[in-house]
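Right, one structure below, let's go through it.
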Amino acid sequence: MAKFLFTSESVTEGHPDKVCDKISDAVLDSILAQDSKAHVACETTVTTGVVHIMGEISTTAHVDITSIARKVIDDIGYNDPRYGFDATGCAVMTSLDAQSADIAMGVNESYELKDGEDDINNQIGAGDQGMMFGYACTETPELMPLPVSLAHKLAKQLTKVRKDGTLTYLRPDGKTQVTVEYEDGKAVRVDTVVVSTQHDPDVSLEQIREDMIKYVIKPIIPEELFVNTKIFVNPTGRFVIGGPVGDAGLTGRKIIVDTYGGFSRHGGGAFSGKDPTKVDRSAAYYARYIAKNVVAAGLAEKCEVQLAYAIGVAKPVSIMVDTFGTSKYTNAQIAAAVDKVFDCRPNSIINQLELQKPQYYQLAAYGHMGREDLGVKWEQTDKTEALKAAIK
């Protein structure tokens, strides 16, 4: 009987990198609300007392980026000068330019035409080269790996009990980690849970541990998986200094947290602050959409999809499917069915998944995949019957 342990982590919205992701995506949402065709590549960095927003933005929209940043910081909970970083006291700097004309030339007009058709005005080229991965499995109702699913739920619960006043001594920064034991590829129990949470200086570690178990861990970890589970709460013993004061933050530095917790491969591209012409974002969502439909259709218990693009070219240069031996069909058979059912060109992806509307701020923490609670289009399983028909 083969056994192994697998670990995934999540972070709260008060983590310095997530502060940056949320600011970048709030800027993107505000621009898309006025100009759905905008080209946005917005990066943010934070440190003690300073927010710096930079990047390339081409748009007809007029937004107050400084006010957006301050509102995000306040909503997260950095609204007390005692934290060393707060919405009203921090400096906000911007360094923004227009998108490179060389990039725009390839994005705005595709060099690839459909066979026998002149649809250059209906398709755009990929915003960059690169490869994107999507993944799905039967471990959870939302078809996500169990370790990252539980880590996200713990992080959300940690934020909930802070914001609703259940635990008034908590501060915004926090991290969670879950280790799951597998037997023959099946999750059988939770081996270890780690919760690290920023807190006021006058609360004891004993009180924090007791409250984390009662209000955060026990409500989230299923009882049937809570078997001989080890629990670590604030293992260093103290976590008062946190957020941008404790560590500088940067947009796009939590790419594994944002996707599958390391359970699937990753192409390396981040999501936040990028408009959907950037395939780093849109094609990663679409690869998840494909993989989830393959699993939901019963064609495999696990499925990983890779899409790869060349800048300025609409059709992907490759589509790869791996079902890890969990399907009665070959990977090539499923890939052929995917190619028949799914249109992987960037403009088609944008239209199918409705990616030009504001929706990204809410995704910037607690994962971009498996978010059925937000009603995002890439979590739909509406292509299952078409896949079944295509593979016959």
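How far apart, in nm, are the 7 Å Cα→Cβ label points at residue 205 and residue 324?
3.6 nm
Looking at this model, which pairs from 37/315; 230/377; 218/328; 18/186; 186/340; 214/377 are more than 27 angstrom apart at the alpha-carbon?
Listed pairs above 27 Å: 230/377; 218/328; 18/186; 186/340; 214/377.
What whole-number value in Å² describes the accessible area per residue of the chain for a 1.4 Å probe?
41 Å²
Please give the Cα centre distance for the stretch 199-275 versus the stretch 291-338, rounded to the nearest Å.
32 Å
Tell me, what ³J(HN,Hα) does each residue in the stretch 375-392 have, in order and in whole Hz, if you take phi through Karplus 6.51 cos²θ - 1.76 cosθ + 1.60 with θ = phi - 60° and put x for Gly and Pro?
Couplings: x, 6, 5, 6, 9, 6, 10, 8, 10, 5, 5, 5, 5, 4, 5, 6, 8, 6 Hz.
Which residue, 373, 211, 382, tops the fluctuation ranking in a GNM of the chain built on C-alpha contacts under 10 Å?
Sorting by GNM fluctuation, first place goes to 373.
Rounded, prolate or oblate: pick one for the stretch 216-363, where a ≥ b ≥ c are the square roots of the eigenvalues of its C-alpha gyration tensor, a/c under 1.5 means rounded, and failing that, prolate if a/b is larger than b/c, else oblate.
Judged from the Cα gyration tensor, the stretch 216-363 comes out oblate (a/c at least 1.5, b/c at or above a/b).
Pop out the ³J(HN,Hα) list for the stretch 129-140 in order, Karplus 6.51 cos²θ - 1.76 cosθ + 1.60 with θ = phi - 60°, rounded to Hz; leave Gly and Pro as x.
Values, residue by residue: 6, x, 10, 10, 10, x, 8, 8, 7, 8, 6, 9 Hz.
Leaving out ligands, DNA and RNA, what percent of the accessible area of the chain is carbon and sulfur, probe 1.4 Å?
50 percent
For the chain, go through all pairs of different Cα atoms, get the mean of 1/r, take its inverse, and jot down that Kirkwood value in Å.
Details: mean 1/r = 0.0456 Å⁻¹.
One decimal place: 21.9 Å for the Kirkwood radius.
Rounded if a/c is under 1.5, else prolate if a/b is larger than b/c, else oblate: which is the stretch 312-392, with a ≥ b ≥ c the root eigenvalues of its Cα gyration tensor?
Because a/c hits 1.5 or more and a/b exceeds b/c, the stretch 312-392 counts as prolate.
Mind checking which of 295, 338, 63 has the largest fluctuation in a GNM of the chain, springs on alpha carbons under 10 Å?
63
Residue-wise, which Karplus ³J(HN,Hα) couplings in Hz belong to the stretch 60-65, taking 6.51 cos²θ - 1.76 cosθ + 1.60, θ = phi - 60°, and x for glycine or proline?
Each residue's phi maps through the Karplus curve to give 8, 6, 10, 10, 8, 5 Hz.
Given points 7 Å out from each Cα along the Cα-Cβ axis, report the residue 351 to residue 382 separation in nanometres with one decimal.
Going by the 7 Å Cα→Cβ label model, 1.4 nm.
What dipole magnitude, in Debye to the nearest 20, does the stretch 148-217 give about its Cα centre under +1 on Lys/Arg Cβ and -1 on Asp/Glu Cβ?
340 debye
Amide H of residue 50 versus every other amide H placed in the peptide plane: which residues, excluding those fewer than 5 positions away on the same chain, fall under 5 Å?
The answer is 91.
Specify which residue in the list 67, 14, 318 is farthest towards the positive end of the charge dipole of the chain, using unit charges on the beta carbon of Lys, Arg (+1) and Asp, Glu (-1), about the Cα centre.
It is 14.
Would you pull out the residues with amide H under 5 Å of residue 94's amide H, same chain only if 5 or more places away, H placed 1.01 Å from N?
Close amide H contacts, sequence-distant or interchain: 53.
Quick one: putting +1 on the C-beta of Lys and Arg, -1 on the C-beta of Asp and Glu, what dipole do you get for the chain around its Cα centre, in Debye to the nearest 20?
That gives a dipole near 800 debye.
Please tell me the relative contact order of the stretch 32-87 in percent, rounded to the nearest whole number, where contacts are Cα pairs under 8 Å and at least six residues apart. Intermediate results must be reported in sequence, preceding the final value.
On the way: 59 pairs, mean separation 16.1, N = 56.
In percent, rounded to a whole number, it is 29.
Which far-off residues, 5 or more places away or on another chain, put their amide H under 5 Å from the one on residue 171, with H placed in the peptide plane?
Answer set, sorted by chain and number: 198, 199, 200.
Pick out, from 167, 123, 220, the residue whose Cα sits farthest towards the positive end of the charge dipole of the chain, with +1 on the Cβ of Lys and Arg and -1 on the Cβ of Asp and Glu.
About the Cα centre, the residue reaching furthest to the positive side is 220.
Normalised radius of gyration for the stretch 164-275, please: alpha carbon Rg relative to 2.2 N^0.38 Å, two decimal places.
1.24
The values are calculated or read from the model by the stated rules, or taken from the named source; none is laboratory data. From a predicted model like this one, the values you see are computed outputs, not experimental measurements. A quick note on method: Cβ atoms are made from the backbone with ideal geometry, for glycine too, and the neighbour counts reach across all protein chains shown. Ligands, DNA and RNA are excluded from the accessible area calculation, which covers all protein heavy atoms including side chains. Shrake-Rupley method; radii C 1.70, N 1.55, O 1.52, S 1.80 Å.
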